[in-house]
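The numbers here are math on the coordinates, done by the rules we state, and not lab data. Bear in mind that the values here come from a model prediction, so they are computed numbers and not experimental data. Don't worry about glycine lacking a Cβ; one is built from the backbone with ideal geometry, like all the others, and counts go over all protein chains shown.
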Amino acid sequence: MKLTVLGGCGAWPAAGQACSGYLVVHDGFRVLIDPGYATLPRLLESTPAEQVDAVLVSHGHPDHCADLNPLLRARVLGDAPPPPLPVYAPPGALDAVLALDRRHMLAGGLESRELAPGRPFEVGPFRLDVWSLPHHVPNAGLRLTGGGRVIAYTGDTGPAEELADLAKDADLLLAEATYPERVPEEDAPYLSTAAAAGRTATSAGAARLLLTHLWPDSPHEPALEAAARSYGGELAVATGGHTVRL
């Protein structure tokens with residue numbers, strides 16, 4: 001299993017970068033997680049739009065799903081449109097991005113599938129487990145299992161007991177870490193820190209920790225230092241082009 005980071009900025013893409021976007025490949029099957037702002041050009045550097053096999057969207061904020069629109073355009077308006085693209089998302093999360101075009105324009109371009117916690121999904125060679133995690137809008141924590149390896153992804157989330165189950169013994173925990181050590185009070189129930197991600201990774205026994213969704217143009221060192229105070233495993237920040245092979 002291989003994960004490639006397309007982007008990791010929170011809120012908006014900094015110059016030359018992209019927002020949340022991650023390509024996971026296993027047994028030739030390509031899953032795109034969170035096609036946020038500016039992720040499609042990065043994806044197309046290595047993967048034609050028609051070769052994406054499924055999309056997972058953690059929640060409906062545009063820094064996590066805005067580039068679903070150009071991805072669907074590239075597939076539907078190309079010379080040889082591929083079969084409909086399965087897109088998994090929480091209920092209602094895709095309403096805004098799909099409304100950017102007339103309904104018939106993208107008709108037949110996707111199959112919308114609702115993510116609901118409590119039951120596993122089969123996505124190509126992967127098992128997908130889902131947790132409902134706290135954010136400003138409904139947010140799905142995602143756990144992909146394939147070939148005996150596990151990638152756990154928090155989406156954007158505040159503190160939650162469910163994070164321990166999501167990340168348990170994961171080979172890679174991809175964790176939102178908008179702030180290094182403290183979330184402003186008004187957002188404290190809905191966002192997380194690098195320090196909290198480190199504690200979660202340690203308690204869950206995650207083998208690797210990849211911090212993502214840092215505030216645009218913020219330095220990486222404070223986040224890495226905050227996470228490393230409680231986590232001694234392999235640690236990095238998600239930036240475009242970073243790859244992890246499991």
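Counting only C-alpha contacts under 8 Å and six or more residues apart, can you give the relative contact order of the chain as a whole percent?
19
Have a look at Asp129, Asp217, Asp67 and tell me which one the Gaussian network model of the chain (Cα, springs below 10 Å) gives the largest fluctuation.
Fluctuation is largest for Asp217.
Please check: in the Gaussian network model of the chain (C-alpha springs, under 10 Å), which one of Leu174, Leu72, Leu106 has the largest mean-square fluctuation.
Sorting by GNM fluctuation, first place goes to Leu106.
Enter the mean projected area of the convex hull around the alpha-carbon atoms of the stretch 2-245, in nm², rounded to one decimal.
Result: 12.0 nm².
Under 25 °C and 0.890 mPa s, how fast does the stretch 26-107 diffuse according to Stokes-Einstein, given a Kirkwood radius computed over C-alpha pairs? Answer in µm²/s, whole number.
191
Please give the FRET efficiency for Ala164 paired with Asp27, using the beta carbon to beta carbon distance and R0 = 25 Å, rounded to the nearest 0.05.
Using R0 = 25 Å, I get an efficiency of 0.30.
Using a simple spin-label model with points 7 Å from Cα along the Cα→Cβ vector, what separation in nm is obtained for Glu225 and Arg113?
Spacing of the two 7 Å Cα→Cβ label points: 4.4 nm.
Please list 41-49, 153-161 highest first by mean number of surrounding beta-carbon atoms within 10 Å per residue.
The packing order, highest mean first, is 153-161, 41-49.
Treat the count of other C-beta atoms within 10 Å as a stand-in for reagent exposure and order Asp63, Asp171 from fewest to most.
Ordered by Cβ neighbours within 10 Å, fewest first: Asp171, Asp63.
Running a GNM on the chain with Cα contacts under 10 Å, which residue among Glu221, Glu185, Glu176 ends up with the highest mean-square fluctuation?
Top of the fluctuation ranking is Glu185.
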